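Asks: Below is the structure I would like to discuss, written out as structure tokens.
Values in this text are rule-based calculations from the coordinates and carry no lab data. Owing to the predicted nature of the structure, the values given are computational and were not obtained by experimental measurement. Reconstructed Cβ throughout: ideal geometry from the backbone, glycine too, with neighbour counts over all protein chains shown.
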Amino acid sequence: MTTGFQFRKIDQEDDLFDYVYGFSALENISGISNGVIIPNGRVDLHLYKTKGGEFCISLVGLETKPKSMREDEITTLFSISFNPLGIEYILQRDIAGILNHGEKLSPDFWDYRESDLDDFSAFCEKSLSMIVSLIPGKTDPRKKQLFDLIFQTNGEMGVRDISQRINWGERQINQYFNNQFGLSLKAYCNILRFQASLAHINNGQLFPQLNYYDQSHFIKEIKRLSGASPKELFKNENNRFLQFLHFNSK
């Protein structure tokens, strides 16, 4: 059985990108053998239906390590991938307490229904309408500058340099990250650098293209965050590493 995957990315020039990275749909999940989810620096709101027919909504915090996918329990999964500012300003909460795991939300969150899993395009439009209605009139400009900078540089800029560029103290930035997201800015930047490296690995570039110290450091970091070597990720046997479905869907 072929696994169905759809992805709709928000354009980086769109003001909405401050809050949302994109939307995805994964169907026929049973076609994936030993699926692995690896850190991507985003926070996912999932709508899904179990094999037992239960409709569920959950919010999954940031991931700092690979985890196995529950392919035996879920048939269809629609997701919104939020950028960090979306958690604070759209969902209006912190996620420090759900680092590396998630929590179930009310089944009527944002007035979603089981029927929303029938049409991915309609799901995207309904979700976008809700998100746009929740965009605040004003945000902290330092936080916007912070995330603009670390996304533009794929997490390669050091914390001190970031602090100086946006005129916000290192200690205050890390306090914000730990309280809001459950990890330090450096740890988050390492995830963004790792994610940027996946595109290179997908193209067969198995040597560091970003600012890793050397090949040994590169392999160690890739293994720490994915549980696999660059070569294993490139092969991606049986589509185990789900983020690579995104690259191959373009």
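Asks: How much of the pair distance distribution for segment 156-250 lies past 23 Å, counting alpha-carbon pairs only, in percent?
Replies: When every Cα pair of segment 156-250 is considered, 36 percent fall beyond 23 Å.
Asks: Starting from the alpha-carbon convex hull of segment 121-184, give the projected area averaged over all orientations, in nm².
Replies: 5.8 nm²
Asks: Mind checking the log10 I(q)/I(0) for the chain at q = 0.10, 0.16 Å⁻¹? Debye, one equal scatterer per Cα, no solvent, two decimals.
Replies: Results for the chain at q = 0.10, 0.16 Å⁻¹ read -0.49, -1.30.
Asks: Another question about this same structure. Taking every pair of alpha-carbon atoms in segment 4-134, what share in percent sits in each 5 Å bin, from 0 to the bin with the longest distance?
Replies: Result returned by the calculation: 2, 10, 20, 25, 22, 15, 5, 1, 0.
Asks: Please order LEU233, LEU117 by the number of other Cβ within 10 Å, starting at the fewest.
Replies: Arranged by neighbour count, lowest to highest, LEU233, LEU117 become LEU117, LEU233.
Asks: Could I ask something else about it? Taking neighbour Cβ counts within 10 Å as the exposure measure, how do TYR19, TYR213 sort from fewest upward?
Replies: Fewest-to-most Cβ neighbours within 10 Å comes out as TYR213, TYR19.
Asks: What is the fewest-to-most order of PHE123, PHE7 by other Cβ atoms lying within 10 Å of their Cβ?
Replies: By the 10 Å Cβ count, ascending: PHE7, PHE123.
Asks: Going through the DSSP H helices of the chain, which span 15 Å or more along their own axis at the Cα atoms while scoring at least 0.0 as a mean Kyte-Doolittle hydropathy?
Replies: Qualifying helices, which must be both long enough and hydrophobic enough, are 120-134, 185-202.
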